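The values are calculated or read from the model by the stated rules, or taken from the named source; none is laboratory data. Nothing here was measured: the structure is a model prediction, and the numbers come from that model. Don't worry about glycine lacking a Cβ; one is built from the backbone with ideal geometry, like all the others, and counts go over all protein chains shown.
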Amino acid sequence: MYKTTIGLEIHAELNTFTKIFCRCLNGGDAEPNANVCPTCLGMPGALPVVSRAAIEKTIMAGLAFGCTINDLAVFERKNYFYPDLPKGYQTTQNDFPICLGGGITLSNGKVIRLNRIHLEEDAGKLLHDEVRGETLIDYNRGGTPLIEIVTEADISSAEEAIEFLEEVRSRLVFSGVSNARMEEGELRFDVNISLSKTKKLGNRIEMKNLNSFKTVARAIEFEIKRQAALLDNDREIVVETRKWNDTKEISTSMRSKEDSADYRYFPDPDQYPIKITRADVAAVKKNLPKLAHELRAYFIKLGLSDYDAEILTREKCLAEFFMDCCADKRITIAPTEIAKWILGDILSRAVNFEILVTPHQLMSVVCLVNSGKITRKNAPALLDAIWSTEKDAAAEAKNLGLLGGVSEDDLVKIIMGIIAANPQAVEDYATKPDKALTFLMGQVMKQTQGKADVVKAREFILQGLG
Ligand code: ZN
Ligand code: MN
């Protein structure tokens, strides 16, 4: 058995309105190279002006991870050449990042410490056109504010890494600093991993730009096996950057790892050092939204089970939907009942937690059911009809003819009448039960104009025949 040591670097795009050093729009689905200006294109002479929102969101992230917020932050130039970075350097923070320390406690009680969170700019995007054999560059992403969360090497397995990353994503989303959509590349991971026979750290390899939790897990598992096989044969593990191939599920050597000295960091002469006062930090702290674990505790206090509270806080949009429903003044209903509607009817319809009705629409349906205007059994049909529309639930219930459901007492009376009026069907029931049941059910639906609850009607018919 070897000792596995893993450290992570997480890049998260901040969801600020504008880019970090210019007023170009950040994000959105604009045409390639539409959201650019001389500053984010790196033209000589263009001067950066740092976005206050980006700094505040970085402080916010720091507070969400329990970091210490520094009094002073300094932007530095990290020099390297790549076509997606026209300036020839990335503006980032090195010696004076905005946040230091902090960490996350895993469910096994282990604390994964953060080294720092710093603010930097994202680069553009290269698009390789395989057919024409061309590479195109889209600079829309260039200058997007990124935070880089750097952990200490406290992680020792793929499972720990994934639990940690899930919590990281949750805190970024709940604190409101990043949308953290991995499929959009808003969250990217670099993994450092080393194996050793002794307590001394082994040579580490790095895999950059992994873009999903699954990829991180696979890449770690593969590296553990690869490095263990080398150590088994007393072979050396070379310090290097390896490229993860997610299709083949293997990593291959990319380049020998550059030293941080190769980047020739130095303070950016175009930028002032940033002073962060305690009053600035307090102002951000006042606006820090409740994080998932805080909402979970609150939901449990409202009477929800641990399990329900856990599911409702998996995504911020879900927790907010639940709270908005609870705040609906039209109806007095226990939060546990509202949770049932959301965990059942809503989640069964929402793909990837995308809820396509408003809290007001759902609560309209709940009002109709609770006031006896429609049956609970008819609620799914109504929800289907208003799903992904702006339709009013009550109007739609009327359109669909769902209003005025038949009460159980009336249904029993109607069924007894039908049984009395159809002796032939009753006789047939002994020999051809299915046919007789279908006939009688047809009569019930005819007399109630289809408003009878099918399950209840069947139950009452069988009782009447019994
Ligand atoms: Zn710009
Ligand atoms: Mn970085």
Taking region 6-24 as the search range and keeping residues that are hydrophobic (A, V, I, L, M, F, W, C), surrounded by 15 or more Cβ atoms within 10 Å (Cβ to Cβ) and away from ligand 2 (no atom under 16 Å from the Cβ), which one is farthest from the chain's Cα centre (by Cα)?
22
Of all residues in region 132-187 being of a type in the set (Gly, Ala, Ser) and touching a Gly at 6+ places or on another chain (Cβ under 8 Å), the one that is farthest from residue 284 (Cα to Cα):
153
Hits in region 1-23 - residues which are closer than 29 Å to residue 162 by Cβ, within 16 Å of ligand 1 (Cβ to nearest atom) and not hydrophobic (A, V, I, L, M, F, W, C):
13, 16
Considering only region 56-64, I want to know if a residue exists there that is among the hydroxyl-bearing types (Ser, Thr, Tyr), touching a residue at least 12 places away in the same chain (Cβ under 8 Å), within 16 Å of ligand 2 (Cβ to nearest atom) and farther than 21 Å from residue 178 by Cβ.
no
In region 170-189, which residues are surrounded by fewer than 18 Cβ atoms within 10 Å (Cβ to Cβ) and either of a type in the set (Gly, Ala, Ser) or within 18 Å of residue 292 (Cα to Cα) (or both)?
176, 179, 181, 185
Looking at 333, 300, 276, which is the one that is under 24 Å from residue 357 (Cβ atoms) and among the hydrophobic types (A, V, I, L, M, F, W, C)?
333
How do the strands (runs of 3 or more DSSP E) wholly within region 94-137 filter down when requiring 1 or more residues that are within 16 Å of ligand 2 (Cβ to nearest atom): which remain?
111-121, 125-129
Give me the residue from region 138-163 that is surrounded by 23 or more Cβ atoms within 10 Å (Cβ to Cβ) and not in a loop (DSSP other than H, G, I, E, B) and, out of that set, nearest to ligand 2 (Cβ to nearest atom).
146
Got at least one residue in region 30-40 being among the small types (Gly, Ala, Ser) and either surrounded by 23 or more Cβ atoms within 10 Å (Cβ to Cβ) or without any contact (Cβ under 8 Å) to a residue 12 or more places away in the chain (or both)?
no
Report yes if some residue within region 331-343 is touching a Ser or Thr at 6+ places or on another chain (Cβ under 8 Å) and either under 25 Å from residue 179 (Cα atoms) or exposed (fewer than 13 other Cβ atoms within 10 Å of the Cβ) (or both); otherwise report no.
no
Close pairs (9 angstrom Cβ cut-off, 6 or more residues apart or separate chains): in contact (Cβ under 8 Å) with a residue 40 or more places away in the chain and closer than 17 Å to residue 446 by Cβ in region 419-431, assigned to a helix (DSSP H, G or I) and not small (Gly, Ala, Ser) anywhere:
419/426; 419/440; 419/461; 419/465
Just wondering, is there one or more residues in region 43-50 that are assigned to a strand (DSSP E or B), over 22 Å from the mean Cα position of the chain (by Cα) and either within 30 Å of residue 232 (Cα to Cα) or not basic (Lys, Arg) (or both)?
no
All-but-one check, residue 74 against (1) modelled with pLDDT of 95 or more; (2) within 23 Å of the chain's Cα centre (by Cα), failing number (2)
Filter region 41-77 down to the residues that are charged (D, E, K, R) and within 16 Å of residue 98 (Cβ to Cβ), then identify the one that is surrounded by the fewest Cβ atoms within 10 Å (Cβ to Cβ).
52
Do any residues in region 112-126 that are more than 26 Å from residue 162 (Cβ to Cβ) and within 16 Å of ligand 1 (Cβ to nearest atom) have Cβ atoms under 6 Å from those of residues that are among the aliphatic types (A, V, I, L, M) and part of a loop (DSSP other than H, G, I, E, B), where the two are at least six apart or on different chains, and which pairs are they?
121/20; 123/85
Residue, surrounded by the fewest Cβ atoms within 10 Å (Cβ to Cβ), within region 220-245, restricted to residues that are of a type in the set (Val, Ile, Thr) and without any contact (Cβ under 8 Å) to a residue 40 or more places away in the chain
238
Among the numbered conditions (1) at pLDDT below 95; (2) within 16 Å of ligand 2 (Cβ to nearest atom); (3) under 30 Å from residue 51 (Cα atoms), tell me where residue 206 comes up short.
(3)
Quick one: how many residues across region 69-93 are more than 14 Å from ligand 2 (Cβ to nearest atom) and charged (D, E, K, R)?
2
Would you be able to say whether some residue in region 85-94 is surrounded by fewer than 18 Cβ atoms within 10 Å (Cβ to Cβ) and under 23 Å from the mean Cα position of the chain (by Cα)?
no
